[in-house]
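Reading through the structure tokens given below for one structure.
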Amino acid sequence: MNRHFDFISDIHGCAHEMNEILSELGYDHNQNYRHPSGRQLIIVGDITDRGPNSIEVIRITDQMVKGGNALYLPGNHCDKLYRWFLGRPVQVGHGLEKTIQEWEALLPDEQQEVKQKFMHLFEQAPLYQLFDDGNVLASHGGMQEELIGRTDRRARNVVLYGPTKLNANREPERIDWAPSYSGRPFVIYGHTPVWEARLVGRTVNIDTGCSFGNKLTAYRYPEHEFVEVPSTMPLQPDHLNTFSR
């Protein structure tokens, strides 16, 4: 693939900021969000929950994917909403309750439309994606070298939730995997909100906590440039991570 790409992650229902960053990146809202230079948007998971307008983000994502102007990859919040739509038992929290409230406030026909759009997006989404002849990999939660090329249960868990270890209570706990990553592809991911896009080795975390009041960040490839728009949400600094490097 020789196309140029714009990666964003963890929009979390922040439709205003999504529209703002699409404008900054040059996508034409009046032309089905097409980019005049043929760039493609890569949405690296977690389009819903927490923010004020998850339904609108679903609709924009669906429109862009169907128009060939975006590729959508799943995140852990996406997986949970999909399971809720299937009627499976899920713990409603961490922002899912906001998406459900939005959806339940729609008219029945609109509910069905949004449900179908989201479920189709999720069902057709690759778990993660390689670009530029395998030099770049986009994955919501991150990646480990030995899992590249795999789609089994362990790979799925790492892609959706990031690499983890069991803590003293035998519960999964996120680990800072980026400094030790040594795979060939440059990994673009989100999932763990940080104050600034975090470039470590051959990885970059572009989840800058838009739903927590910080900002929405896009990473332009192959230019290796960041584009940012401020969040309109209240700042919740306790939800943003600070690393030693």
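The values are calculated or read from the model by the stated rules, or taken from the named source; none is laboratory data. As the structure is a prediction and not an experimental result, all values here were calculated from the model. Positions of Cβ are backbone-derived with ideal geometry, glycine not excepted, and every protein chain shown enters the neighbour counts. In case anyone asks, the SASA skips ligands and DNA or RNA and just uses the protein heavy atoms, side chains included. Shrake-Rupley method; radii C 1.70, N 1.55, O 1.52, S 1.80 Å.
From the C-alpha gyration tensor of the chain, pull out the three semi-axes of the equivalent ellipsoid (sqrt of 5λ each), sorted largest to smallest, in whole Å.
Output for the chain: semi-axes of 25, 22, 18 Å.
The helix-only estimate of mean residue ellipticity at 222 nm for the chain, built from DSSP H runs of length n ≥ 4 each weighted as -39500 (n - 2.57), is -8500 deg cm²/dmol after division by the residue total. Taking the centroid of alpha carbons for each part, region 141-179 and region 19-83 are 25 Å apart. Beta bridges from DSSP with both residues in the chain: antiparallel share about 55 percent, rounded to the nearest 5. For the pair Gln116 and Ser37, the difference between a 0.36 nm per residue extended length and the Cα-Cα distance amounts to 25.4 nm. Between Gln124 and Lys66, the simple label model (points 7 Å from Cα in the Cβ direction) yields a spacing of 0.9 nm. Between His120, His191, His77, the residue with the greatest mean-square fluctuation in the GNM of the chain (Cα pairs under 10 Å linked by springs) is His120.
Express in % the proportion of alpha carbon pairs of region 138-245 at distances exceeding 22 Å. Summing the P(r) tail past 22 Å for region 138-245 gives 35 percent.
Which value, in nm² and rounded to one decimal, describes the direction-averaged projected area of the C-alpha convex hull of region 102-165? That works out to 6.2 nm², a quarter of the Cα hull's surface. What the phi angles of region 117-123 give under the Karplus curve with 6.51, -1.76 and 1.60, with θ = phi - 60°, is a coupling list of 4, 5, 5, 5, 4, 5, 5 Hz, glycine and proline written as x.
Across region 141-150, computed HN-Hα scalar couplings (Karplus, 6.51 cos²θ - 1.76 cosθ + 1.60, θ = phi - 60°) run x, x, 7, 10, 3, 6, 9, 5, x, 9 Hz from first to last residue, x flagging Gly and Pro. A cut-off of 5 Å between modelled amide H atoms, ignoring neighbours fewer than 5 places along the same chain, links Leu71 with Leu41, Ile42, Ile43. In whole angstrom, region 31-120 maps to an equivalent ellipsoid with semi-axes of 24, 14, 11, each derived as √(5λ) from the alpha carbon gyration tensor and ordered largest first. If you wrap region 65-109 in the convex hull of its Cα atoms and look at it from every side, the mean projected area works out to 4.3 nm². Taking the chain as a Gaussian network of alpha-carbon nodes connected by springs under 10 Å, the highest mean-square fluctuation of the residues Glu17, Glu223, Glu56 belongs to Glu223. Diffusion coefficient (Stokes-Einstein, Kirkwood radius over C-alpha pairs, 37 °C, 0.692 mPa s) for region 129-174: 287 µm²/s, rounded to a whole number. Pair-distance distribution P(r) for region 145-200, from all Cα-Cα distances in 5 Å bins starting at 0: 4, 15, 26, 27, 17, 8, 2 percent.
Computed FRET efficiency, Cβ-Cβ of Asp133 and Leu235, R0 30 Å: what is it to the nearest 0.05? Calculated value: 0.15.
Taking amide hydrogens as placed 1.01 Å from N in the peptide plane, the amide H of Gly26 sits under 5 Å from that of no residue at least 5 positions away in sequence or on another chain. Measuring with a 1.4 angstrom probe and ignoring ligands and nucleic acids, Val227 comes out at about 30 Å² accessible.
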